[in-house]
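First comes the structure, then the notes that go with it.
Every read-out reported here was derived from the displayed coordinates using simple, explicitly stated rules and does not represent laboratory data. On a predicted model such as this, the values are computed, not experimentally measured, just so you know. Neighbour counts are summed over all protein chains in view; Cβ atoms, including those assigned to glycine, are modelled from backbone coordinates with ideal geometry.
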Amino acid sequence: MSGPRRFRAPGRVNLIGEHTDYNLGFVLPIALDLATEVDTLPGSDNLLVIRSEDRDDPRSVSVDDLSSAKPAKHWSDYVIGVARELIVRGFRIEPLQMTIRSTVPVGSGLSSSAALEVSSALALLQGRELDRLEIARLCQHAEIDFVGVPCGIMDQFVSVFGVQDAALCLDCRSLEAKAVPLPKGVTVVAVNSMVKHQLGDSAYRTRVAECAEACRALGVESLRDATLETLGRTKMADKPFHRAWHVLTENDRVLRFVTAAEAGDLNEMGQLFIESHASMKSDYEISAAEIDYLVAEAVRLPGCYGARMTGGGFGGSTVNLVADEAVPAFETAIAASYQKAWGINPAIYRCRPGVGAGEIH
Ligand code: GLA
């Protein structure tokens, strides 16, 4: 095996299309310049050593025991889950020392998990060929089967396929993606609330189950095959109805947002952000008081076209569309106002769409 190597995979901010991916709908994420990097060195004693520069709890597993490893509720589960998926696809995992560092804040809604999974997949492959879509898929499966979160494919897909200076409109059924450059004059600003409410993962599972319940009532395999019209005339419990309503209207908002972006219509793009947030708050019920505060404050500030929560929910970050010249004042004002109301300093990022995962030479 060769000497030291370094692999990188980005986090993402989703512009619009939330909780639509596992319903085989549309999403519009951008890959960030915040990323996870994995340095590798040849290992010894048959061991896979997984260590993070940000934490002091490394884990070592014999490469022969990876197939039978059980989830340990430890951050390294993401790496082990990915290793197991590679083994299933016929790859031998070589003894390796992995050193991980990340600029994607954990719990921020900016997909630190996918960045860790995808960078680990590349590190474990050590340059061996595997179709890039298959890399995204196996990372998603690691999260579903080993970590236990029934996520969609958005985060892993954009971490692999991110393009410079454009968002990716992904059809989560066909897995076809098109690059959507954003109009000039506007900056995507992510504001991290620094809050992540604990119920996140279990509420995510409940939402997935409620959407499945709506599908059963509608007699369809996924909500992609439903329409507002069929939903309107189908009897079902209140919650699945509202979840499905969010998903169907959100899919429509993604497509309208793409059209607006292509036409350079910033006002329409901002309005769709605002509508998306309202739908996540009332129909999907995944927002949080801190996030609602950040959104309400943002849209009152000069130069802000729209704001919404991004990611799985219950905290994390908001994404804001802000006129370039208004960005510095926006950042100062939103930070001051959040600090005053909640006593928390938010972390703020200007998001430039960047490229997907790869080896760093
Ligand atoms: C998390 C999941 C994604 C997606 C979003 C919500 O980030 O990993 O698959 O479902 O939540 O849009």
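Observations on the model:
- Here the chain is scanned for GluC sites (Glu not before Pro) in DSSP loops (not H, G, I, E, B) that have at most 13 other Cβ atoms within 10 Å, and the longest stretch holding none of them is 222-361.
- When trypsin sites (Lys or Arg not before Pro) are flagged only if DSSP places them in a loop and at most 15 other Cβ atoms lie within 10 Å, the longest unflagged stretch of the chain comes out as 236-361.
- Rounded, prolate or oblate (a/c below 1.5 giving rounded, otherwise prolate when a/b exceeds b/c) for the range 218-297 by Cα gyration tensor: oblate
- Simple rule: put +1 on each Lys or Arg Cβ and -1 on each Asp or Glu Cβ in the chain, find the dipole, and look at PRO346, GLN164, SER60; the Cα lying farthest toward the positive end is SER60.
- Shape category assigned to the range 182-351 from the gyration tensor of Cα positions, a/c cut at 1.5: oblate
- Label separation (ARG89 vs ASP64): 2.6 nm, computed from points 7 Å beyond Cα along the C-beta direction.
- Rounded tilt (10° steps) of 238-263 against the dominant C-alpha axis of the chain: 90 degrees
- Magnitude of the charge dipole for the chain, about its Cα centre and with charges confined to Cβ atoms of Lys, Arg (+1) and Asp, Glu (-1), is about 180 debye.
- In the chain, helices alone account for a calculated mean residue ellipticity at 222 nm of -12500 deg cm²/dmol, with every DSSP H run of four or more residues adding -39,500 (n - 2.57).
- Annotation: the residues MET154, MET194, MET98, sorted from fewest to most other C-beta atoms within 10 Å of their own C-beta, follow the order MET194, MET98, MET154.
- Dipole magnitude (debye, nearest 20) for the range 1-47, charges at Cβ of Lys, Arg, Asp, Glu: 140 debye
- Relative to the longest principal axis of the Cα atoms of the chain, the long axis of helix 289-300 makes an angle of roughly 60 degrees.
- Using the Cβ-Cβ distance between LEU47 and ALA217 with R0 = 45 Å, the FRET efficiency computed as 1/(1 + (r/R0)^6) comes to roughly 0.35.
- Rounded tilt (10° steps) of 266-282 against the dominant C-alpha axis of the chain: 80 degrees
- Most fluctuating residue given options GLY11, GLY90, GLY43, as computed from a GNM of the chain linking Cα atoms under 10 Å: GLY90
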